[in-house]
Amino acid sequence: NFLQKTAYSYTIDPGDIYNSPYALNLSSFSKLIKRLQATHPEASRDQIVEAIQQVRKNNKGMLCGLAISTIEEKTSAIL
């Protein structure tokens, strides 16, 4: 009933996940984590994720609009 009231509804087929527009974001996030782990081997993955969340918070709650290199620089400054 709730889905009928929304403007749109969709279902996710597991085979469609790789074609999802979010797949690139997940890939970029994974690459960013790996780059930050290489740059800051002393930091745990959780610490890196917390620092990225702080960058997001400092950027009005969003990371969109920031280049990955900028996110990496700002996260490194926090770490």
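Bear in mind that the values in this text are calculations on the coordinates, not laboratory data. Worth saying up front: this structure is predicted, and the values here are computed from it rather than measured. Quick reminder, even Gly has a Cβ in these numbers, built from the backbone with ideal geometry, and neighbours come from all protein chains shown.
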Calculated log₁₀ intensity ratio I(q)/I(0) where the Debye formula runs over C-alpha points of the range 26-77, q = 0.18, 0.26 Å⁻¹: -0.49, -1.05
Nitroxide proxy distance, nm - points 7 Å out along Cα→Cβ at Thr70 and Ser30: 2.6
Cβ charges +1 (Lys, Arg) and -1 (Asp, Glu), total dipole of the range 26-77, debye: 180
Virtual spin-label span in nm between Asn59 and Leu79, 7 Å along Cα→Cβ: 1.6
